[in-house]
1. Given labels modelled 7 Å from the Cα in the Cβ direction, how far is it in nm from residue A:360 to residue B:144?
2. Could you give, in nm with one decimal, how far residue B:340 is from each other copy of that position, shortest first, with labels 7 Å out from Cα toward Cβ?
3. Using Cα-only point scatterers and the Debye equation, what is log10 of I(q)/I(0) for segment A:169-280 at each q in 0.15, 0.22 Å⁻¹, rounded to two decimals?
4. Setting aside same-chain residues fewer than 8 positions from residue B:131, which lysines have a Cα under 20 Å from its Cα?
5. Cα gyration tensor of segment A:34-154, axes a ≥ b ≥ c as square roots of the eigenvalues: rounded (a/c below 1.5), prolate (a/b > b/c) or oblate?
6. Lysines within cross-link reach of residue A:25: Cα-Cα under 17 Å, excluding same-chain residues under 8 positions apart?
7. Mind listing the Cα extents of segment B:63-134 along all three principal axes, in Å, largest one first?
8. If I take every Cα pair under 8 Å that is 6 or more residues apart in chain B, average their sequence separation and divide by the length, what percent do I get for the relative contact order?
Number of protein chains: 2
Amino acid sequence: MALISPSRRLRRTPFSDGVEAAGVKAYTVYNRMLLPTVFRSVQEDYHHLKEAVQIWDVSCERQVELRGPDASRLMQLLTPRDLRTMLPGQCYYVPIVDETGGMLNDPVAVKLADDHWWISIADSDLLLWVKGIAYGYRLDVLVDEPDVSPLAVQGPKADELMARVFGDTVRDIRFFRFKQLSFQGRMMVVARSGYSKQGGYEIYVEGSDIGMDLWNALMEAGRDLDVHAGCPNLIERIEGGLLSYGNDMDDDNTPHECGLGKFCNTQTAIGCIGRDALLRVAKEGPVKQIRAIAIEGDPLPSCDRHWPLLAGGKVVGRVSSAAWSPDFGTNVAIGMVRMTHWDAGTELTVQTPASQLSAIVQENFWI
Amino acid sequence: MALISPSRRLRRTPFSDGVEAAGVKAYTVYNRMLLPTVFRSVQEDYHHLKEAVQIWDVSCERQVELRGPDASRLMQLLTPRDLRTMLPGQCYYVPIVDETGGMLNDPVAVKLADDHWWISIADSDLLLWVKGIAYGYRLDVLVDEPDVSPLAVQGPKADELMARVFGDTVRDIRFFRFKQLSFQGRMMVVARSGYSKQGGYEIYVEGSDIGMDLWNALMEAGRDLDVHAGCPNLIERIEGGLLSYGNDMDDDNTPHECGLGKFCNTQTAIGCIGRDALLRVAKEGPVKQIRAIAIEGDPLPSCDRHWPLLAGGKVVGRVSSAAWSPDFGTNVAIGMVRMTHWDAGTELTVQTPASQLSAIVQENFWI
């Protein structure tokens, strides 16, 4: 692997000092911000995540803030998911598409109030799309990136650790709900959510100045729980079928191709951008779709480009993420497969840069 | 320095195989794409750039393509620079601002025809802003990212190398002009431009499939010119005062703060986004501005965050890029300084994470 050159353009976070002190070994860049990828090793981090509790610097999940009388109108314009019954205190996973139904981002919308939303984004400058739409429509709304940096607490012991720092009330937070809780006298949005299947929370830390205090408090409180610095884990997220925008899908893909059709209420979310195109897709169904793929053979290298999936010498799909799973004893992967070959059990061939390997379409992801 | 984790989300380019074969040592990420930063060492690459000729994979300068009857109208909407006299075959450096005059990008606009433009972007998803504006205004224009990847040929021997591959006609291309020239029967936009002060060209390679053929042809033709793989060089670009969006300025800054007021024709570019705010700025002048800064002492580490500039213990600015210059025997830097302290010769103190050092505001950049 090559090195990453530091520059101000690859933004540090309020928790970078803690991440460095914890011995981060590698980064990726996400929303022009540093996102750790490895502490001890991807496999060690993986086992630890499933057994204990980790603190993740996911500041790179930047927020697009909507404030003002037209905030809710704008939010519904942005997504085909019907938001009419959504209440303050809820988080919704919301595909955001352009007018042709191509995915621009797959963020989590956080409803603070009718006139106040955060959109917690995946890796694209959704801020620019939202600003452009708000300006083009002359909406009465302020759109900005606030000084809010999510810190995730993930793993089976996350409840215990969070209760020690924020009080037992965190245990009552339901999945994809949030409460405003105090740390050092400052209120923070604390949601039960996160980019793993091990359970946990995301703390939306408002104000960079308090970042390291919170990081240190969590590390201190969790010492006997074997708390470690961690990060979204490639193996665990593939096992769990957590998609990654930019890896597994991009603006070429509709939500339906990504298995996100259930978040597209094209019959009721009238007026949302991309509605006409998605109504058509919903009627006809996608011709290719995301699938879990098992790949035989030795542990694979990183999937840094599309690996074609072949059947009878013809390309019928591609793999976009892959990793060796110690727990399942196979290479686990995420791919997009044409409908002719997407049934569970279909045997395909995957072409990696190094070799051709057998691949089998799975019924479900591993978790 | 930490490692960079490969993934499909950090996009490879049509030239990545060549870059790897040339022994790239480090990358940055720019527009979610890999941009090499070091081959031999930053200093060796620097000396070589000033003496010979280098091939740079700058595919990360992605294009936003505008096509259709409203393309020129949209382009003028996007920038305060007056484009009325711009002809096909010209390239213009165009600040792009939001409605408050905050910079969203500082790209180069390439006018292919009245109804066909490319915007060769710096590091932000300008595509999303342009798509949002086009959609909000209901303009009759297609906005997309085409399969176009710039390859730069930079250095004093660039003319000779380019003439060998594209013919002597390249020598007649004037600065910030382009010609359509053939390589292996395919027409390519070849502009005299590039992110160095050593002279050279940028080839807008349309079609990823031909990328390595062109890379190899340039390497082969330049063997006796000591051609090497290279990349934008941190030292050389600071010496030359080439600003970097995301490092030296961002959406908090107006073009005037960045010394780009001359590209804002707020009296004539009527109707452009941000015109009202910039007209106000133009009347009053900015209260802080980009300056060349010399920093005394030993060679500095990378500037990975703002370094405050102090005068009498008060913050009067910040440094955003810095490097040791072998040719000028000092640390060269780019900073933003308040008007109270921006005169050439002003002595300031810069606070790096490690120490306080003397800094002197310069009259001009070093080249």
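1. Simple spin-label model gives 4.0 nm for this pair.
2. Residue B:340 label point versus its equivalents elsewhere: 7.2 nm.
3. Each listed q corresponds, in turn, to -0.91, -1.26.
4. Counting by Cα, and skipping residues close in sequence, residue B:131 has these lysines nearby: A:131, B:111.
5. Numbers: a/c = 2.26, a/b = 2.03, b/c = 1.11.
Prolate.
6. Result set, ordered by chain and number: B:25.
7. Over segment B:63-134, Cα extents along the principal axes are 28, 19, 19 Å.
8. Across chain B, relative contact order equals 18 percent.
Read-outs: derived from the displayed coordinates by stated rules, not from any lab. Since we're looking at a predicted model, the values are computed, not measured. No Cβ is skipped: glycine too gets one built from the backbone with ideal geometry, and neighbour counts run over all protein chains shown.
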